[in-house]
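Have a look at the structure below before the remarks.
The values are calculated or read from the model by the stated rules, or taken from the named source; none is laboratory data. Quick caveat, the model's predicted, so the values are computed rather than measured. Backbone-built Cβ (ideal geometry, glycine too); neighbour counts: all protein chains shown.
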Amino acid sequence: MGWREYDVKDGIIHFGTQGIDQLKQDIPKVKYSYFFRATNNEKEPEMGDFKSYNFNENKYEKGLSVSPHPKYAIFNNLKHLYAVTGDVVGEGSDGEPVLKNVKYIKKLNIKQAESEHEKKQNQTKIDFLKKLGMTDINKIKNVIQELNI
């Protein structure tokens, strides 16, 4: 690993001039064993394998657009959220994963999925800071809150 603008000594994190920004970038993203598909069409799981349509570019994607997190449903005020798997065949025009051979695993409660995502995101941050050498959970939580990471 190259030079970092932050380091942990004796359980306390110390920052250089760009340390906070670098720490925010270095924290891993939350990973799931599935993707999220948000839609207003509750019959979509019955439609089989189909391609998403990109209205901005007026063309079909290579497969079904999905999201790596549940927030897309909330941002776009969509009513139905599903956990899905499939073969990643590329990226959509917005950078989102695009799948073929999609399997709908289960329907999710949007608010519940968002709450679970926040918990996973927080645990990912805690685990990352512990890996760096921080051991005091209260100090870890304080770093997360104070730095808004």
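Structure summary
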read-out: Those residues of the range 95-115 which are out of contact with any strand residue (DSSP E or B) (no Cβ under 7 Å at 6 or more places or on another chain), touching a residue at least 24 places away in the same chain (Cβ under 8 Å) and either within 30 Å of GLN22 (Cα to Cα) or among the aromatic types (Phe, Trp, Tyr) (or both), in sequence order; value: GLU114
read-out: Test: ASP127 is acidic (Asp, Glu), closer than 30 Å to ASP21 by Cβ and at pLDDT 90 or above; value: yes
read-out: Qualifying residue in the range 45-57 (condition: under 27 Å from ILE144 (Cβ atoms) and not assigned by TED's automatic domain parsing to the domain that holds ASN138); value: no
read-out: Selected residue [of a type outside the set (A, V, I, L, M, F, W, C) and in contact (Cβ under 8 Å) with a residue 12 or more places away in the chain] from LYS43, LYS51, LYS119; value: LYS51
read-out: Extreme residue, nearest to THR39 (Cα to Cα), among residues of the range 75-94 that are of a type in the set (S, T, N, Q) and touching a residue at least 24 places away in the same chain (Cβ under 8 Å); value: ASN76
read-out: Residues of the range 25-75 classified as of a type in the set (Phe, Trp, Tyr), touching a strand residue (DSSP E or B) at 6+ places or on another chain (Cβ under 6 Å) and within 16 Å of ILE110 (Cα to Cα), total; value: 4
read-out: Among residues of the range 130-142, those that are under 11 Å from VAL8 (Cα atoms), out of contact with any strand residue (DSSP E or B) (no Cβ under 7 Å at 6 or more places or on another chain) and in a helix (DSSP H, G or I), counted; value: 2
read-out: Subset of the range 2-24 (residues that are in contact with a strand residue (DSSP E or B) (Cβ under 9 Å, 6 or more places away or on another chain) and part of a strand (DSSP E or B)); value: TYR6, ASP7, VAL8, ILE13, HIS14, PHE15
read-out: Index of the failed condition, ALA38 passing every other in (1) within 24 Å of the chain's Cα centre (by Cα); (2) assigned to a loop (DSSP other than H, G, I, E, B); (3) farther than 30 Å from ASN138 by Cβ; value: (2)
read-out: Counted residues, the range 66-119 - those being of a type in the set (A, V, I, L, M, F, W, C) and in a loop (DSSP other than H, G, I, E, B); value: 2
read-out: Every residue from the range 54-94 that is within 17 Å of LYS43 (Cα to Cα) and loosely packed, with under 14 Cβ neighbours inside 10 Å; value: LYS79
